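Only one structure is covered here, and it is reproduced in the block below.
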């Protein structure tokens, strides 16, 4: 099992540009989570999906952020336009309902820097 | 409101000494509790969980945690700390009736000195 895969691992972009972060969950998992981690705010849940359907997006900071899960093996988090305050590490995690009582498996993260 | 609190931003321990990282929770119903560890520039890794049964839960790398229902606590412990245990530790709780969601504490930085 390859674990949760995220790409890119590092992204440096300029303010105003569109940024797309990608995630491949563990095969067979039915929950997918997007988190953001910063020194100031800690670990924040942005949105999560169950069976490809968004369940709770209350943590999405504003309309510049959007997330999709077109199929069970792929999800994207898009920021358009990006701003310097979006600089953070973005984690994707997946879990299987009913197994290990929702133990989440985290990807390595994408470190985003917006100049 | 369902929540997790880690009262210490940082814990400093000498190598070989016992360590405790504190966690308290507030949740409806029976709690499902977790500890995760994050090493620098890495994602979070699962350490252990409490679902039901024995109040003392054993996990990876020699860590254990004690569930105390009356004090609503789930403190992480290790009898003898290693320098390599230095990392950021997160406590988490599964809220009642919210599917797969976990609520994480703010994290505690553990520093083990030789």
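Some points to look at:
- Taken together, the residues in segment B:40-80 that are assigned to a strand (DSSP E or B) and either in contact (Cβ under 8 Å) with a residue 24 or more places away in the chain or within 14 Å of another protein chain (Cβ to nearest Cβ) (or both) amount to 16.
- Of the residues in segment A:76-92, none is out of contact with any strand residue (DSSP E or B) (no Cβ under 7 Å at 6 or more places or on another chain), within 14 Å of chain B (Cβ to nearest Cβ) and assigned to a strand (DSSP E or B).
- Taken over segment A:55-75, the criterion of being surrounded by 16 or more Cβ atoms within 10 Å (Cβ to Cβ), part of a strand (DSSP E or B) and either modelled with pLDDT of 95 or more or more than 14 Å from chain B (Cβ to nearest Cβ) (or both) is satisfied by A:65, A:67, A:69, A:75.
- Scanning segment A:1-25 for residues that are at pLDDT 95 or above and within 18 Å of residue B:45 (Cβ to Cβ) gives A:4, A:5, A:6, A:9, A:23, A:25.
- The residues of segment A:34-53 that are farther than 21 Å from residue B:5 by Cβ and either facing chain B (nearest Cβ under 10 Å) or surrounded by fewer than 16 Cβ atoms within 10 Å (Cβ to Cβ) (or both), listed by number, are A:48, A:49, A:50, A:51, A:52, A:53.
- Looking across segment B:19-31 at every residue that is surrounded by 20 or more Cβ atoms within 10 Å (Cβ to Cβ) and more than 28 Å from residue A:88 (Cα to Cα), the one that is farthest from the other protein chains (Cβ to nearest Cβ) is identified as B:19.
- Restricted to segment A:95-112, and to residues there that are more than 9 Å from every other protein chain (Cβ to nearest Cβ) and surrounded by 15 or more Cβ atoms within 10 Å (Cβ to Cβ), the residue that is nearest to residue B:32 (Cα to Cα) is A:110.
- All conditions but one from (1) in contact with a strand residue (DSSP E or B) (Cβ under 7 Å, 6 or more places away or on another chain); (2) over 27 Å from residue B:14 (Cβ atoms) apply to residue B:70; the one that does not is (1).
The values are calculated or read from the model by the stated rules, or taken from the named source; none is laboratory data. Since the model is a prediction, treat every value here as computed from it, not as a measurement. Virtual Cβ from ideal backbone geometry, glycine too; neighbours counted across all protein chains shown.
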